[in-house]
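Here's the structure we're looking at; comments come further down.
Since every read-out is calculated from the coordinates, none of them should be taken as a lab result. Everything numeric in this text was worked out from a predicted model, so none of it was measured. Every residue, glycine as well, gets a Cβ built from its backbone with ideal geometry; the counts of neighbours run over all protein chains shown.
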Amino acid sequence: MTGMAHRTVRGRIRYTSKKPEMMDRERGREWFAFTHHGDGAVTLRAQCEIEEPAPTVLRDIVYSLDADGRPFDCLVRLTVGDRFMGSGLITFHGSANLATCVSHGPSIGRIEQTLPINASVDGFGTHPIVGDGYLTRCIDTSNGPTGRTIHVLVPSPDHRGATPPMLARVSIDLEYLGDETVTVAAGTFDCRKFQFIDRSEAGMGGNQHPAYQMWVTADDDALFVQGGVGGYMATWYELVELIR
């Protein structure tokens, strides 16, 4: 009998607050698993819980990329305020340069969307924190610190991803700031430091997203290690468990 051909990485991220009235208090958590298939494809599974600010958010994601690192499909299920908000299946049709979404929820009924995509689309923003870290793979870090505007599709332009799954386009600046060694509850890691900055006039979802810094493992797994969002969000995230 032969063994399984895939490799799985599992972990947990703790969400805390940097607001003065909630300093360093836990405000949510995320469990994740990356499956690296034998053919080079990757599947991310993530369960995210956000307790603060209200209303609460519970998100389940199953997202796959093909062997060339291109988005393949994504299943999203969302509960907000402990009530079903919506679920959707997003599929990427690379040969046709299209992305489709079939979604349903109490506020939207049943919808179908088709969006054209092209080579300028850098990836898909799924909203789990580990997904943000993995998205940084679209930046070439081989020549040192750099940055550019990246173009992604998202299932919700809301900053917390707390709207029914529907395809939207987002452009945001991603900067690679250099390398650092970081120690968190899950261990010590050689990392690349990145920053997302929303400089668009319209802003993400109609509001500018505060600056978002993160440290991501300096290897092909591109695992989120720590990071935080400033401004009105005032959040911090830390990898507290890892099995790989």
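For the reader, a short list of remarks on this structure follows.
- Ellipsoid equivalent to segment 144-244 - semi-axes via the Cα gyration tensor, in Å: 25, 16, 13
- Relative contact order %, segment 11-146, counting alpha carbon pairs below 8 Å whose residues are six or more apart: 13
- Each eigenvalue of the Cα gyration tensor of segment 101-161, multiplied by 5 and square-rooted, gives one semi-axis; in descending order these are 29, 14, 8 Å.
- Between Glu201 and Leu177, full extension at 0.36 nm per residue minus the direct alpha carbon distance yields a gain of 6.3 nm.
- Take every pair of alpha-carbon atoms less than 8 Å apart whose residues are at least six positions apart; their mean separation over the length of the chain yields a relative contact order of 15 percent.
- Gly38 sits among other residues whose Cβ lies under 14 Å from its own Cβ, and their net charge, with Lys and Arg +1 and Asp and Glu -1, is -1.
- Considering only beta bridges that DSSP places wholly inside the chain, some 95 percent are antiparallel.
- Counted over segment 43-126 with a bin width of 10 Å, the fraction of Cα pairs per bin, in whole percents, is 16, 43, 31, 9, 0.
- Span from the segment 6-56 Cα centroid across to the segment 137-211 one, whole angstrom: 16
- With 0.36 nm allotted per residue and the present C-alpha distance subtracted, the Asp219-Ala234 stretch has 2.6 nm of extension available.
- The distance between label points at Ala119 and Glu26 comes to 4.7 nm (points 7 Å beyond Cα on the Cα→Cβ vector).
- Stretching Thr141 away from Ala33 to a fully extended chain increases their span by 36.4 nm, per 0.36 nm per residue minus the current alpha-carbon distance.
- Within segment 63-195, percent of DSSP bridges classed antiparallel, to nearest 5: 95
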